Amino acid sequence: MKLKPLDDRVVIESTELAEKNVGGIIIPDTAKEKPQIGKIIAVGTDEELQKLVKKGDKILFAKYGGTEVDIADKKLLIISRSDILAIIE
């Protein structure tokens with residue numbers, strides 16, 4: 001299945017950072033902080049947005065922004081342009 005965002009939205013795949021587990025303490029998923037770095041999978045139809053970001057860019061996005069979706073056993077996030085904080089180079 002292919003996912004194509006509309007307007008000023010971007011589909012990203014969150015980059016899970018390596019978890020440091022000191023002393024063997026297991027942290028449940030509900031207590032973990034959400035990652036804020038992701039890789040762009042698809043860019044919406046907004047021409048200005050297409051000039052700013054492209055597929056494959058790594059971005060920093062707002063902590064609680066976007067909508068999570070499960071497609072083809074992947075957890076993806078659809079965020080709007082206003083939730084993109086920076087491009088990581």
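The values are calculated or read from the model by the stated rules, or taken from the named source; none is laboratory data. A quick note: this is a predicted structure, and the numbers were derived from the prediction, not measured. In this analysis, Cβ positions are derived from the backbone assuming ideal geometry, glycine residues included, and neighbour counts consider all displayed protein chains.
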*Residue tally, condition at pLDDT 90 or above and either surrounded by fewer than 10 Cβ atoms within 10 Å (Cβ to Cβ) or not in a loop (DSSP other than H, G, I, E, B) (or both), over segment 23-67*: 19
*Residue count, segment 70-89 (criterion: over 11 Å from the mean Cα position of the chain (by Cα), surrounded by 11 or more Cβ atoms within 10 Å (Cβ to Cβ) and under 16 Å from L6 (Cα atoms))*: 1
